[in-house]
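Right, one structure below, let's go through it.
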Amino acid sequence: MPPCCWRRSSFASHASWKTFTGPPYLSVTYERLQPTYPARGSAIGTTTPTLRGGVSEAAETYLFRVATGRDAETGAVVSSGWQASTTWTVPAGVLDDGVTYYWHVWTRSAATGPVRPYWTSSFRVDLRQGERKAMPFDTVGPVKVNLASGNALVGIATPTFSTVGATVGLGLTYNSNAPSRGGLVGSYYADDNANLKIDSTEKPALIRRDTQVAFDWGNASGHPQALPQDHLITTWTGYVTVPVAGTYYFGASVATDDGVSIVVKGTTVLSSWYSQGAATPAYNKGISLSANQRVAVSISHADATGPSAMTLWVKGPVAEAIVPPSWLSRSNDPLPTGWGLTADLDGSFTRAVVAESSVTVFDDSGVAHVFASTGSGFASPPGENATLAWDDEGLLTLHGDDGVVYVFDASGNVASAVSAVDDRSPARPVYTYSGTPTRLRSVKDPVSGRVMNVRYGGDAGCPTSVPAGFDSAAPTGMLCSVEFWDATSTKFFYVSGQLGRVENPGAEISDFAYSSGRLSQIRASNAADAIAAGLRADDATARTAIAYDSAGRVASVTLPAPTAGALRPAHSYTYGMCGPYTNPACPPEIQQVGSAQVGVAGLTTPTGWARKVNLDAEGHVVGDYANPLYASPTTNEWGPGDRLLSTTDPDGY
């Protein structure tokens with residue numbers, strides 16, 4: 001019996017119908033776009049990964065979206081915008097070390113419009129900073145090179161004193177691959193009731209780091225999956241540092257009906273919170289700023305309807321220009337990028353980074369400890385006994401393995417570090433934190449009464465006599481001196497905002513220099529003494545030099561000449577094969593293992609290297625050729641949480 005007829009109407013209207021004969025049928029096209037790199041749940045050794053989403057025959061353009069929320073849509077979010085390519089490299093400065101991110105790829109075609117993917121993948125950024133026991137290191141003078149990541153690790157400390165409970169002093173650790181904390185934090189809101197203000201019930205739809213405030217969105221939404229086209233409010237917060245002293249004018253160029261407000265160092269320098277048009281920069285009030293001193297900046301921008309744009313400008317002692325990324329920073333840390341600070345030389349935690357699915361706590365050497373959210377609390381990292389929880393005041397509290405209880409403020413800085421008061425640790429040093437932002441102010445030994453006071457730029461007690469060639473004062477909020485109970489002190493001096501000198505009591509001087517933002521030279525205290533005594537020339541041969549390759553990994557470390565005119569000891573490094581730590585730029589399909597080789601100046605070997613290590617995908621050493629004459633390596637087997645399961649020497653034992 002032939003089938004009866006059937007009818008179809010248009011989607012837009014049922015006013016017209018068309019009759020068909022024959023059996024009805026349904027044609028369904030399934031979107032099969034899948035992530036190809038990074039692998040789901042993998043750890044990657046870069047903050048600028050290239051994401052690959054495969055190819056969809058039905059799609060014409062793609063939109064990559066990365067977020068801290070498990071749905072890849074919420075939390076701190078960044079997206080690529082619509083593009084034809086199926087790969088996208090996350091911009092520098094967006095991702096943080098130790099944080100798990102979730103991502104997926106929207107597709108779009110003329111027939112379907114935007115299509116949200118049914119899948120979500122994830123990856124964790126792990127730069128392998130700090131002195132991680134499971135990582136392979138090569139030590140050359142004051143520098144420890146991580147052969148898995150190419151990171152240079154350098155440490156320096158103030159004088160220490162022993163107490164019954166711990167060793168007390170101030171320790172500084174440098175990691176060359178520490179990500180920059182530059183830029184401003186951008187928070188994007190949908191102004192649903194169009195009242196040009198952020199109501200208490202309105203939450204940001206998008207939070208991200210913007211390296212610069214220079215946007216022209218036109219008539220479109222900058223983030224169509226998170227924000228509407230019109231009625232938007234955006235705020236940018238952080239700090240600005242100017243290169244020379246003087247009176248600065250900060251202004252803005254915006255679209256026709258946009259509003260803008262700029263506050264610098266607590267002073268409103270521009271307030272035009274109404275519909276307007278400023279295709280050229282508009283300025284109002286000037287403000288006096290010192291060179292290399294960080295000051296708080298807050299910018300608000302409102303878009304009503306139509307085109308939207310916002311660009312932050314500056315003029316004054318410098319030529320009129322868009323405020324460059326190098327002037328901006330997200331946080332007011334006590335030391336420049338790369339440097340970390342601790343007062344407990346037996347080990348301590350220094351800061352926390354909160355995301356939707358985890359909290360990452362960094363220790364004093366820069367190692368990231370990731371506490372995954374369980375919904376009701378946090379799971380400790382594998383192999384660790386420290387516990388993390390929210391207290392009654394909404395602050396993160398960490399109970400360390402050593403009995404110290406750390407409380408982190410809303411910015412992730414340590415607000416207090418207190419030893420558990422019991423019969424096992426009644427003599428632990430007392431650490432006092434205070435101020436805004438929170439800073440370590442003093443450490444006291446409760447047994448002897450000795451106190452170590454810590455000063456920061458802007459405090460009374462900072463050095464007033466500055467050596468030639470250094471900034472006139474430490475940047476505001478940055479470490480400037482440590483005062484001991486015996487009237488001695490350690491002083492810290494800066495060059496263009498970078499840590500340039502540490503002077504311990506007795507004129508023990510260590511100097512540091514930088515190239516392209518990375519530590520490149522170290523003049524140790526013994527070299528400074530030899531130069532002061534006239535025994536050595538103050539030139540490059542008296543310094544340790546660190547060179548980097550195009551990927552930012554250590555390429556060589558060259559020590560000072562032992563005597564004037566002598567050959568300089570040096571180690572060189574090459575990173576072979578492909579792996580997420582040794583070479584993140586390799587094609588993802590072969591990013592499984594890696595290797596690194598160490599060369600020693602003046603040493604000739606049959607293999608061309610003095611040491612070679614083979615690495616697994618997590619950066620662990622699975623084969624260590626410590627002697628180039630051995631045909632077989634020392635092999636290791638690893639378990640979760642950097643746990644060493646077995647070691648076999650070259651003889652099979």
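Just how large is the dipole of the chain about the Cα centre, in debye to the nearest 20, putting +1 at every Lys and Arg Cβ and -1 at every Asp and Glu Cβ?
Magnitude of the dipole: close to 1120 debye.
Short version: ³J(HN,Hα) in whole Hz for each residue of segment 159-172, in order, from phi by Karplus 6.51 cos²θ - 1.76 cosθ + 1.60 (θ = phi - 60°), x for Gly and Pro, what are they?
Here the 3J(HN,Hα) series is x, 10, 9, 8, 10, 4, x, 5, 8, 10, x, 10, x, 10 Hz.
Rounded, prolate or oblate: which one fits segment 433-559, using the alpha carbon gyration tensor with axes a ≥ b ≥ c (rounded when a/c is under 1.5, else prolate when a/b beats b/c, else oblate)?
Prolate.
Going 7 Å from the Cα of Ala372 toward and past its Cβ, which residues in segment 46-72 have a backbone nitrogen under 14 Å from where you end up?
Residues 70 qualify, since their backbone N sits under 14 Å from the label point.
Quick query: amide H of Trp217 versus all other amide H atoms, modeled in the peptide plane; which residues come in under 5 Å with a sequence gap of 5 or more or a different chain?
For Trp217, whose amide H was placed from the backbone, the distant partners under 5 Å are Ser308, Ala309, Met310.
Looking at the square roots a ≥ b ≥ c of the eigenvalues of the Cα gyration tensor of segment 428-497, which shape do they give, rounded for a/c under 1.5, prolate if a/b is larger than b/c, or oblate?
oblate
Could you give the length gained on full extension between Arg40 and Val418, defined as 0.36 nm per residue of separation minus the Cα-Cα distance, in nm?
132.2 nm
With a 1.4 Å probe and all protein chains left in place, how much of the accessible area of segment 57-172 comes from carbon and sulfur atoms, in whole percent?
With neighbouring chains kept in place, the figure for segment 57-172 is 51 percent.
Hey, for a label at Thr247 modelled as a point 7 Å past Cα toward Cβ, could you say which residues of segment 278-307 have their backbone N under 19 Å away?
Under cut-off, by backbone N: 282-291.
Which loop-located chymotrypsin sites (Phe, Trp or Tyr not before Pro) does segment 604-642 contain, where loop means any DSSP state but H, G, I, E or B and the Cβ has at most 15 other Cβ atoms within 10 Å? Don't skip to the end; give the middle numbers.
Working: sites: Trp609, Tyr625, Tyr630, Trp638; in loops: Trp609, Tyr630.
Of the chymotrypsin sites (Phe, Trp or Tyr not before Pro), the ones in loops of segment 604-642 whose Cβ has at most 15 other Cβ atoms within 10 Å are Tyr630.
At 7 Å along the Cα-to-beta-carbon direction for both Trp119 and Thr139, put a label point, then send me their distance in nm to one decimal.
4.6
Near Ala214, within a Cβ-to-Cβ distance under 15 Å, what is the net charge of the other residues, with Lys and Arg +1 and Asp and Glu -1?
Counting the neighbours of Ala214, the net charge comes to -2.
Rounded to the nearest 0.05, what FRET efficiency do Leu645 and Ala92 have when you use their Cβ-Cβ distance and R0 = 30 Å?
Efficiency at R0 = 30 Å is approximately 0.25.
Got the relative contact order for segment 30-161 handy, in percent, Cα pairs under 8 Å and 6 or more residues apart?
It rounds to 25 percent for segment 30-161.
For n ≥ 4 DSSP H runs only, could you compute -39500 (n - 2.57) per run for the chain, divide by its residues and tell me the 222 nm figure to the nearest 500?
-500 deg cm²/dmol
What number, in percent, do you get for the relative contact order of the chain if the mean sequence gap of Cα pairs under 8 Å and at least 6 apart is divided by its residue count?
10 percent.
What is segment 603-653 by shape, rounded, prolate or oblate, if you read a ≥ b ≥ c off the alpha carbon gyration tensor as root eigenvalues and call it rounded for a/c under 1.5, prolate for a/b larger than b/c, and oblate otherwise? Intermediate results must be reported in sequence, preceding the final value.
Working: a/c = 3.95, a/b = 1.78, b/c = 2.22.
It is oblate, given that a/c is not under 1.5 and a/b is not larger than b/c.
Tally Lys and Arg at +1 and Asp and Glu at -1 over the other residues with C-beta under 12 Å from the C-beta of Arg611: what net charge comes out?
Taking every Cβ under 12 Å from that of Arg611, the sum is -1.
Pop out the ³J(HN,Hα) list for segment 261-267 in order, Karplus 6.51 cos²θ - 1.76 cosθ + 1.60 with θ = phi - 60°, rounded to Hz; leave Gly and Pro as x.
Here the 3J(HN,Hα) series is 9, 10, 10, 10, 6, x, 10 Hz.
Between Leu629 and Val495, 0.36 nm times their residue separation minus their Cα-Cα distance comes to what?
Roughly 43.6 nm would be gained on extension.
List the trypsin sites (Lys or Arg not before Pro) in segment 115-166 that DSSP assigns to loop (not H, G, I, E or B) and whose Cβ has at most 12 other Cβ atoms within 10 Å. Which are they?
Details: sites: Arg124, Arg128, Arg132, Lys133, Lys144; in loops: Arg128, Arg132, Lys133.
Filter output for segment 115-166: Lys133.
Want the number for Glu508 to Ala601: 0.36 nm per residue separation, take away the alpha-carbon distance, what's left?
Gain on stretching Glu508 to Ala601: 30.5 nm.
With a sphere of radius 14 Å drawn around the Cβ of Trp88, what net charge do the other residues whose Cβ falls strictly inside it have (Lys, Arg +1; Asp, Glu -1)?
Every neighbour counted, the sum reads +2.
Going 7 Å from the Cα of Ala214 in the Cα-to-Cβ direction, what parts of segment 148-190 have a backbone nitrogen less than 15 Å from that spot?
From segment 148-190, the list is 183-184.
Do you know the Lys pair count in the chain for C-alpha distances under 27 Å, with sequence separation 8 or more or different chains?
12
Residues of the chain: accessible area per residue at 1.4 Å, in Å²?
That works out to 46 Å² for each residue.
The values are calculated or read from the model by the stated rules, or taken from the named source; none is laboratory data. Everything numeric here is computed off the predicted structure, so don't read it as measured data. Backbone-built Cβ (ideal geometry, glycine too); neighbour counts: all protein chains shown. Note: areas computed on protein heavy atoms with side chains; ligands, DNA, RNA excluded. Shrake-Rupley method; radii C 1.70, N 1.55, O 1.52, S 1.80 Å.
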